[in-house]
Amino acid sequence: MTKNNRIIYGLILILGIAAPFLFPGFKLQISFMWLLVVLALTWDVQGGQMGYNSFGNILFFGIGMYVCAGVQIGMFFPLAEWTASGGEETFVHTPTQYFQGFFIGLILSGIVPGIVAALIGYGVLGLRGQYFAICTLGLGIAAGEIAGGIELIGAGQGMTSPPWPKNIGSLELRSQFFYYLCFALMAATFLFLKYAYQTRFGLVLNAIRDNEDKAEAMGIHTMRYKITGWIVSACFLGVAGGLMGNMVGYIEPVEIAFAGATFGVFMVLMAILGGKGTLWGPVIGAIAFHIFKEGFWTFFLGWQYVALGALIVIIVVFFPEGIMGWLRERYPDKFGETVDESDIKAQVELK
Amino acid sequence: MSQYKIKLISMIAFVLMIGLGFTGSPYAADDTIVLGAAVSLSGKYSTAGKHTKNGYELAVKRINSMGGVKVGGKSYQFKVTYYDDESNSGRAAQLAERLIKQDGVQYMLGPYSSGLTKAIAPITEENKIPMVEANGASRSLFTKGYKYLFAVLSAANQYLEVAIDLAVEKNGGKPVKIAMAFEQDAFSQDVRLGILDAAKRTGSKIIIDDKLPKELNDMSATLAKVKAVRPDVLVVSGHSKGALTAVRQISEMKVNVPMLAMTHCDSSSLSKQHGKKAEYALCAAQWHKSLSYSDKFFDTASTFDKDFNAEYGYAPPYQAAESAAALLVWKDAFERANSLDKEKVRDALAKTDMQTFYGNIKFNQQGQNIAKPMVLFQVRCTGDSCENKVVAPTKWASSKLVHPVPKWSER
């Protein structure tokens with residue numbers, strides 16, 4: 001780690017830890033921002049590094065959300081009675097129950113989507129290009145519809161996640177608790193992917209993106225790497241879902257859990273905005289996207305989607321490679337790339 | 001790692017601070033009481049969301065112009081801070097948090113639809129912010145032990161139970177065959193539970209029980225089944241879009257069914273949009289202009305209808321009426337509490353017992369309004385102009401129920 005590196009990571013860490021005190025009113029929004037970073041980062045594992053445009057990653061987000069809330073409730077109370085609409089009884093978690101359930105739920109919300117990714121991945125990752133994209137899109141939509149039909153998890157009624165236990169700390173404690181969990185998840189995802197991209201694993205993903213047949217011909221079991229990549233995405237996404245379900249407090253099958261039309265699209269958009277296939281791109285993209293979005297929602301009430309649409313058009317026209325791609329083109333030397341001026345001249349003269 | 005990243009990071013940090021800095025605003029000036037509301041101005045509930053907002057606005061204007069709210073010898077004006085929740089529960093929950101945490105709102109008005117109210121209620125509850133909501137009817141809202149939630153409307157399961165009773169009565173007291181189709185959302189699924197209860201009570205049989213998708217544009221599969229099995233009652237509920245889709249396709253496919261019972265006929269202005277095709281549809285409503293309730297702000301139900309029409313250019317559906325009533329409840333509670341302290345106001349809300357143009361309002365332990373019955377009306381046409389006529393309960397009935405619905409070949 002170079003000195004500059006340490007300064008930057010130190011700064012982000014300090015900013016991340018201090019943010020709830022610097023902007024006390026915006027804790028929730030910044031928590032959401034960290035989760036969006038996780039969404040963009042995990043999408044980029046497929047979409048950017050591996051060259052597989054997945055539109056179904058929201059599947060793991062939703063599964064994580066339901067698993068976490070389901071475990072939190074199911075460990076102590078009958079889940080069916082909790083979700084039943086006309087239920088007469090009110091269940092209340094004690095603080096110990098709440099935190100026990102929450103942490104076990106959170107761990108499972110990473111593991112279960114990972115297993116699902118492994119099972120589905122084996123069948124789906126054999127598809128390439130648009131076939132893979134369409135197939136995953138279908139998975140995401142189907143998951144929402146199926147979840148909307150399962151009575152145990154509330155079906156179309158949705159499901160409330162357990163409320164923060166009463167008489168424990170102030171109201172602020174809850175949002176701080178979730179804020180730091182979101183920040184920690186974001187940091188863990190980032191550091192893990194940073195490490196993974198430096199290893200052989202990262203190189204194989206890039207090889208798959210650049211020429212999968214050639215990679216296979218060189219003796220790489222591409223399928224194993226593709227599945228592993230998907231499992232990694234699914235685990236982190238699942239935990240993000242578990243956190244989101246608890247923060248929002250209400251899980252709706254198609255609008256919150258398997259929200260293909262919002263989070264499912266946002267994760268792709270953010271990665272492309274920042275520059276897909278780079279480590280920092282999704283991070284920058286997610287932060288910029290979130291700030292723009294919140295700004296539009298405040299100032300262009302009623303026209304927010306039009307403004308957002310205009311933003312997307314601008315991105316596609318002026319920054320087709322994303323913010324990182326644009327920077328890379330302008331300042332190639334800062335990215336450790338050397339430009340051979342004489343070579344460029346020679347090419348121009350040839351024409 | 002090089003300098004560009006330092007620049008980049010500092011740039012991001014800067015943008016972040018500006019971006020987050022511009023949203024805050026103080027919540028209450030000296031003489032205003034600010035209420036927060038996230039309503040659907042876009043998305044699938046945008047029509048009903050607009051009715052909700054217009055209802056709120058009209059009541060705010062009326063109360064302010066008639067002297068405002070008197071608390072502690074001082075007169076306050078109501079002001080509502082709106083956000084657009086895009087008919088999305090995730091967004092609604094975020095906005096509720098934002099209204100409370102960033103905008104410092106202390107009192108909330110509800111959004112449109114049960115699903116969105118369910119998304120907001122955990123947040124208002126956690127922050128101990130009282131919310132008077134006018135558009136969340138799902139029974140599940142009232143079984144969670146919420147203490148800060150007050151609903152001025154009747155619960156969703158009561159919407160169409162009466163229709164089943166009517167069908168049984170018309171069938172000579174014998175059980176009927178019911179076909180039903182409901183949207184996959186909190187409200188419609190609750191209406192379904194009500195029908196299940198009614199079917200059980202009357203011994204009726206349910207022969208079709210379909211779930212419809214959220215963006216309800218097609219239900220021809222259900223209607224094809226209805227044509228084949230000939231039920232006595234067809235029940236459909238899926239907000240405004242569901243009502244419009246149902247009537248459009250029933251008339252296109254010429255489905256003959258003795259009784260068609262629905263929800264959301266007036267918020268979708270069914271009788272205007274589909275005219276004679278919608279005739280004889282039976283609809284559940286929270287309110288109707290012919291009811292005989294009154295208060296000093298809007299006078300009677302029919303004057304509310306006139307005033308609303310003059311202001312917004314269309315007849316108020318019950319969503320607008322109940323939304324307006326929510327403001328009257330707030331005013332009453334503030335004045336009885338004689339304080340702006342949210343706990344005191346909550347206690348005053350819990351003791352509400354009043355009459356408004358919209359109906360009587362009295363909350364039970366769970367915050368549900370138990371003082372007001374539902375009404376059923378039927379779309380009736382004379383010539384080409386169609387109107388909603390109340391057929392039940394008998395106290396306000398202005399016309400007799402036409403049963404069975406004439407066949408399409410005879411219309």
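The values are calculated or read from the model by the stated rules, or taken from the named source; none is laboratory data. Please read all numbers here as calculations on a predicted model, not as lab measurements. Ideal geometry is used to build each Cβ from the backbone, glycine not excepted, and the neighbour counts take in all protein chains shown.
Descriptive notes on the structure:
- Among the residues of the range A:20-36, the ones that are in contact (Cβ under 8 Å) with a residue 12 or more places away in the chain and touching a Leu at 6+ places or on another chain (Cβ under 9 Å) come to 6 in all.
- One residue stands out in the range A:246-270 among those that are among the small types (Gly, Ala, Ser) and either under 17 Å from A:His290 (Cα atoms) or part of a helix (DSSP H, G or I) (or both): the one that is nearest to the other protein chains (Cβ to nearest Cβ), namely A:Ala259.
- Considering B:Val105, B:Val168, B:Val132, the condition of being assigned by TED's automatic domain parsing to the domain that holds B:Pro231 and either modelled with pLDDT of 85 or more or closer than 24 Å to A:Ile168 by Cα (or both) is satisfied by B:Val168 alone.
- Odd one out for A:Leu125, checked against (1) farther than 20 Å from A:Gly242 by Cβ; (2) surrounded by fewer than 22 Cβ atoms within 10 Å (Cβ to Cβ); (3) not polar (S, T, N, Q): (2)
- B:Asp332 meets all of the listed conditions (1) over 19 Å from B:Val71 (Cα atoms); (2) among the charged types (D, E, K, R); (3) touching a helix residue (DSSP H, G or I) at 6+ places or on another chain (Cβ under 9 Å); (4) assigned by TED's automatic domain parsing to the domain that holds B:Gly72 but one, namely (1).
- Of all residues in the range B:213-236, none are within 18 Å of the chain's Cα centre (by Cα), more than 13 Å from chain A (Cβ to nearest Cβ) and among the hydroxyl-bearing types (Ser, Thr, Tyr).
- Filter result (part of a helix (DSSP H, G or I) and touching a Leu at 6+ places or on another chain (Cβ under 7 Å)) within the range B:232-243: B:Lys241, B:Gly242, B:Ala243
- All helices (runs of 4 or more DSSP H) inside the range B:68-179 with 2 or more residues being surrounded by fewer than 24 Cβ atoms within 10 Å (Cβ to Cβ) and either away from chain A (no Cβ under 14 Å) or of a type in the set (Gly, Ala, Ser) (or both): B:161-170
- Some residue of the range B:48-55 being over 24 Å from B:Glu311 (Cβ atoms) and at pLDDT below 95: no
- Tally of residues being within 29 Å of A:Thr189 (Cβ to Cβ) and without any contact (Cβ under 8 Å) to a residue 12 or more places away in the chain across the range A:214-229: 4
- Looking across the range B:380-411, the residues that are closer than 17 Å to B:Gln286 by Cβ and not small (Gly, Ala, Ser) come down to B:Asn388, B:Lys389, B:Val390, B:Val391, B:Pro393, B:Lys395, B:Trp396.
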